[in-house]
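Please read the structure below before turning to the comments.
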Amino acid sequence: MNKKGYRIAHEASQLVSDEYIGLLNRDEYNSAISHVCELIRASHTLFKVNSYAPSVFLSITVFEEIAKIKAGHMRPWGDDKVHVKRHKDPLFQHRQKHKITVDSFYNCARISNSIGDKRSKEFFSKYESGEYSSFREESLYFSRDKRGLRIPSEIIDLKLAAEHLLIAIEIFSDEFWGMTGEASEICDTTNDLYNHVESILKNS
């Protein structure tokens, strides 16, 4: 059964593992959000210098870290959490984290206007199915199989990098703006990055 992201998020919120017990207070929550913003800025820096493949890798890492905060920050709340080993924890499984974050619930008008309605639907659909999760490795590691040599920079182009970064920024803001005053201020700093990437994409 192909579970929707919100179901995976709910299930993950009811678990706890030794490697991730959740976030214990407001300061930890804000620090985690600040960390994700740093990843967004790093992805944008790579994008600006045409390093599209590593930019995509960092954008996908943003997806994963958003999932950890969204689905796991409340793990310390209550005494009814189920303790699991790391390999059973959805927040240590790449595809599960992608499904939690890149959920069609977030496919808003802003994203559709930036990359096109048809393309935005396709993007979310292929992450929900797991097909696009392969970009995590393809954007960072070379491979050589019977089909030939595959180099990340030859697979990942400006368009794909821009799409990943725009969606990462939008979901980040949608998820965390308004959660705390500090989180809102952090999210506001990404607006200029979004506009810059959108402009480059539309003029490419």
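Coordinate-derived values only; no laboratory data. Since the model is a prediction, treat every value here as computed from it, not as a measurement. Cβ sites come from the backbone with ideal geometry, for glycine too, and all protein chains shown count toward neighbours.
Looking only at residues of the range 147-204 that are free of Cβ contacts under 8 Å to residues at least 40 places away in the same chain and among the aliphatic types (A, V, I, L, M), we find that the one that is farthest from SER59 (Cα to Cα) is LEU149.
For (1) surrounded by fewer than 19 Cβ atoms within 10 Å (Cβ to Cβ); (2) aliphatic (A, V, I, L, M); (3) at positive phi, each residue gets a yes or a no:
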{"position": "LEU140", "(1), (2), (3)": "yes, yes, no"}
{"position": "ASP157", "(1), (2), (3)": "yes, no, no"}
{"position": "LEU165", "(1), (2), (3)": "no, yes, no"}
{"position": "PHE172", "(1), (2), (3)": "no, no, no"}
{"position": "PHE176", "(1), (2), (3)": "no, no, no"}
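Screening GLU182 against (1) surrounded by 13 or more Cβ atoms within 10 Å (Cβ to Cβ); (2) under 22 Å from PHE47 (Cβ atoms); (3) out of contact with any Pro (no Cβ under 9 Å at 6 or more places or on another chain) leaves a single unmet condition, (2). Meeting the requirement of 2 or more residues that are under 15 Å from the mean Cα position of the chain (by Cα), the helices (runs of 4 or more DSSP H) wholly within the range 132-204 are 135-138, 158-176.
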